[in-house]
Amino acid sequence: MEVFLIKLLQFMMAISLLVLLHEMGHMLTAKLFGVRVEKFYLFFDPWFHLFEFKPKNSDTTYGIGWLPLGGYCKISGMVDESMDTEQLKGDPQPWEFRTKPAWQRLIIMVAGVTVNLLLALFIYSMIMFHWGEDYIATKDMTLGMKFNQEAKSYGFRDHDILLGTDRGAFREYSGDVYRDISKAKYCDVLRHGKQVRVSLPGKINMLEMVQSTPRFMEPFMVNEVDTVLKRIPVAEDSKDSIVSPAWQMQLKKGDVIVALNGKPLDSYNSYKDATGHIADAMTAAKTRDDSLRLRTVTVAVKRAATGKVDTLSTTLTKDLLMGYAPVNPLASYKNTHISYNFLKSFPAGVKYGFDVLGGYISDMRYVFSPQGVKSLGGFGAIGSLFPDKWDWHAFWMMTAFLSIILAFMNILPIPALDGGFVLFLFYEIITGRKPSDKFMEYAEIVGIGFLLLLMIVANLNDILRWLGYM
């Protein structure tokens, strides 16, 4: 429960800040051009609100709604998500949005996404100034990578150290590595001290690379025991605990698990794959005995003290945990740190922000594929991206990332989003014809319907993942 509350608090803080500043962008530019702002709300307020006040001599009512799905800025003379069309039946007034020149209306509509983009770049710049950059270069990952069968069919081999592709040298192991390899004609690796070139087709599906089990590639991890837990939870959502199988088998630091159910293991990656197959088989288990039979495994352990291999039988938990943690090679790799002074932090932050934006735009082509729809996540998926413990660096990194997503998603040419209004404004500027209020009303209804459907699918995916069906 504590972890859930920490994630929830971070999520609510980030979203509240981003929505508040986004809507403030609309409000300030509207007032700059003499457009009346009737309401400025954080969160939505159907039927009732939590808090509301109207300053003396102000046309704007400020408040907080009860439905934390965003926020809004209600501008006079504009068809928006409030669907208040009564005001449009009267004669156009000089303080209304609809009476202003198209260029002013365009500035008002792009102000929100502009604020979100600038905010993200500013946050990244301040992160660079305060913390600098820390990363492990792929060339310094001396154990290399663990590859799946598809990757090996192209010519990759376990322990290959990634160097770069025809698109450029790799910096660190991240989504950019997958992105580049998916589009590359070749990839250079360091194999047994020699540089080797692996030919690639130039059009690998990146989403399948990431979602495949096992993944296309992961950092190679030896299956050497680092720590052993004495007690572990019976299941993830249980308060009851048991003596861990690892403790019962008397695993010690330095021991290596070399086989599971008679199948040789060359790495911790292979161990996770093996337990993954057990998890798949458990979905077909009909009785408690079936589950218990699958969770009862034989483990071959090479003892650090004697060098001998012991074969033992044990029963994993319902979550298939054994109760040990392997040696983390990342902790021993060389860390690269870059510090920035105040002035240099801005170009570094801007470059980082636009790299993130570019990667996000590149990945959007997968959204409407079957795999992409299944990968959509709602509030639960977004909230889970925040760390279990309060970490300001991680919080601001996630906030900046969400700010970029909010900016990009809002500028998409979909009715009910800022980009939909921008699309119609460009049409008006180019053709000299303004869409009718009735057309804008219908477009808003269609846009809201589409967004609600998208939200339902994304949050349903979260529920199905939580229930174990995805």
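For the stretch 333-349, a residue qualifies if it is part of a loop (DSSP other than H, G, I, E, B) and either basic (K, R) or within 19 Å of Y173 (Cα to Cα) (or both), and the qualifying residues are Y333, K334, N335.
Of everything in the stretch 380-396 that's assigned to a helix (DSSP H, G or I) and at pLDDT 80 or above, which residue is least open to solvent (accessible area, probe 1.4 Å)? In this case the residue turns out to be F395. Right, F122: open to solvent by 50 Å² or more (accessible area, probe 1.4 Å), on the phi < 0 side of the Ramachandran plot, out of contact with any Lys or Arg (no Cβ under 6 Å at 6 or more places or on another chain) and touching a residue at least 40 places away in the same chain (Cβ under 8 Å) or not? So F122 passes the test. Considering each residue of the stretch 248-262, count those that are open to solvent by 40 Å² or more (accessible area, probe 1.4 Å), closer than 16 Å to S313 by Cβ, in contact (Cβ under 8 Å) with a residue 24 or more places away in the chain and assigned to a loop (DSSP other than H, G, I, E, B), and give that number. Here the count works out to 2. Total residues in the stretch 26-61 satisfying the condition of being open to solvent by less than 50 Å² (accessible area, probe 1.4 Å) and either more than 27 Å from L106 (Cα to Cα) or within 25 Å of the chain's Cα centre (by Cα) (or both): the figure is 4.
One line per residue, one yes/no per condition, for (1) in a strand (DSSP E or B); (2) in contact with a His (Cβ under 7 Å, 6 or more places away or on another chain); (3) farther than 24 Å from Y135 by Cα:
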{"position": "R179", "(1), (2), (3)": "no, no, no"}
{"position": "S182", "(1), (2), (3)": "no, no, no"}
{"position": "V189", "(1), (2), (3)": "yes, no, no"}
{"position": "R197", "(1), (2), (3)": "yes, no, yes"}
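Total residues in the stretch 313-325 satisfying the condition of being assigned to a strand (DSSP E or B) and either modelled with pLDDT of 95 or more or open to solvent by 50 Å² or more (accessible area, probe 1.4 Å) (or both): the figure is 2. Pairing residues of the stretch 72-101 that are modelled with pLDDT of 75 or more with residues that are open to solvent by 60 Å² or more (accessible area, probe 1.4 Å) and of a type in the set (K, R), at Cβ distances under 9 Å and at least 6 apart in sequence or on separate chains, gives I75/R36; S76/R36; G77/R36; Q93/R36; W95/R36; E96/R36; F97/R36; R98/K434. For the stretch 194-221, filtered to residues that are out of contact with any Ser or Thr (no Cβ under 6 Å at 6 or more places or on another chain) and β-branched (V, I, T), the residue that is least open to solvent (accessible area, probe 1.4 Å) is V198.
Do you know which of the residues in the stretch 263-290 that are outside any helix (DSSP H, G or I) and open to solvent by 50 Å² or more (accessible area, probe 1.4 Å) is nearest to P326 (Cα to Cα)?
Ranking the qualifying residues of the stretch 263-290, first place goes to D266.
The values are calculated or read from the model by the stated rules, or taken from the named source; none is laboratory data. Just so we're clear, the structure is a prediction, and the values are computed from it rather than from any experiment. Cβ sites come from the backbone with ideal geometry, for glycine too, and all protein chains shown count toward neighbours. Each accessible area value is taken on the protein alone, full model and side chains, heavy atoms only, with ligands, DNA and RNA left out. Shrake-Rupley method; radii C 1.70, N 1.55, O 1.52, S 1.80 Å.
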